[in-house]
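Just so it is clear, none of the values below were taken in a lab; they were calculated from the coordinates. Remember, predicted model here, so these are calculated numbers, not experimental data. FYI the Cβ positions are ideal-geometry reconstructions off the backbone, even for glycines, and counts take in every protein chain you see.
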C-alpha cells in the first residue's frame with residue numbers, strides 16, 4: 001500500500017468511495033433521460049389505439065375536437081378512477097368511443113403512460 005492510498009483511506013476521500021460516487025453519477029446521467037420520459041410501451045399502445053381521436057403527446061390538438069388531450073385528463077377526471085375504468089373496460093361511454101381490448105400488461109403500460117404525461121397546472 002502506498003502512502004497516498006493510506007492517506008485516502010484515513011481521510012475518506014478518493015479511492016473506492018470516490019470511484020463509487022463517480023460510478024453512481026455516471027449511471028444517473030445515463031438513466032435520467034430514460035426516467036424523465038413517459039413509458040414508451042404505453043405511448044405505442046396510445047398511438048395504436050387512441051391517436052386517431054386523442055392528442056396523445058405533450059403537444060398538439062386532438063384530431064377529434066371533442067376528444068380530450070391525454071396530457072389534460074387529470075383536469076377532467078380522477079386518474080385512479082380513470083385507470084380503474086380502463087381495467088374494467090368501461091370506457092365506451094359514448095358511441096364514438098371504441099371498446100378497447102387490452103391485456104392486463106398493456107393496461108398497466110397505458111396507465112403508466114397516462115400518469116406520466118399529465119401536465120401539472122399552476123395553482
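Structural remarks
- For residue 112 and residue 64, a Förster radius of 22 Å and the Cβ-Cβ distance give a FRET efficiency of 0.35, rounded to the nearest 0.05.
- Annotation: peptides 108-119, 41-52, 60-71, ranked by per-residue average of other Cβ atoms within 10 Å with the highest first, follow the order 108-119, 41-52, 60-71.
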